[in-house]
Number of protein chains: 2
Amino acid sequence: ISLRGLKSLGVELHCRCIQTESKPIGRHIEKVELIPANSHCEETEIIATLKKTGKEVCLDPEAPWVKKVIQRIMSSSSRR
Amino acid sequence: ISLRGLKSLGVELHCRCIQTESKPIGRHIEKVELIPANSHCEETEIIATLKKTGKEVCLDPEAPWVKKVIQRIMSSSSRR
């Protein structure tokens with residue numbers, strides 16, 4: 001499969017995050033993408049999309065506030 | 001902001017998941033998107049992208065195996 005083919009499959013060929021957002025921005029987050037380490041990037045990456053701007057921001061998987069954001073999303077589903 | 005503008009911002013105007021994958025497919029997952037409930041969809045939604053095909057599959061946020069997949073991704077970052 002060609003590199004372009006891979007890319008069109010949404011497969012990133014390198015790490016997508018250069019730096020991470022240090023300020024807790026939990027309430028501005030519309031959705032979060034979790035990308036486990038893979039052959040192209042040995043870091044787990046977390047990319048949040050912000051509500052108003054749709055801007056993508058990288059988060060530090062080890063930051064306590066980031067872990068809380070993920071836990072809150074996962075637990076909020078059971079409040080039906 | 002026009003509906004089209006919203007759409008281009010990546011803002012979904014409705015729920016994206018109709019059904020969820022019941023079989024534990026953890027090892028086939030390339031990345032996972034967590035979408036908290038919002039004004040357009042009152043369900044928390046989890047959308048996984050599969051490794052080989054790049055296919056998107058909805059996961060049940062309350063299924064134990066799904067919670068484990070998320071926890072594993074979050075904890076794998078600290079094994080550096």
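List of remarks:
- Sole residue being under 15 Å from B:Ala37 (Cα atoms), more than 7 Å from chain B (Cβ to nearest Cβ) and modelled with pLDDT under 90, chosen from A:Arg4, A:Arg72, A:Arg27, A:Arg79: A:Arg79
- Under the condition of being under 14 Å from the mean Cα position of the chain (by Cα) and more than 8 Å from chain B (Cβ to nearest Cβ), the residues counted in the range A:30-45 number 2.
- Selection within the range A:56-69: residues that are open to solvent by less than 80 Å² (accessible area, probe 1.4 Å) and touching a Gly at 6+ places or on another chain (Cβ under 9 Å). The member of this set that is farthest from the other protein chains (Cβ to nearest Cβ) is A:Trp65.
- Residues within the range A:46-55 that are more than 9 Å from chain B (Cβ to nearest Cβ) and exposed (fewer than 15 other Cβ atoms within 10 Å of the Cβ), tallied: 1
The values are calculated or read from the model by the stated rules, or taken from the named source; none is laboratory data. Keep in mind it's a predicted model, so treat the numbers as computed, not measured. Note: ideal-geometry Cβ built from the backbone for every residue, glycine included; neighbour counts use all protein chains shown. SASA here: full protein model, heavy atoms, side chains in, ligands and nucleic acids out. Shrake-Rupley method; radii C 1.70, N 1.55, O 1.52, S 1.80 Å.
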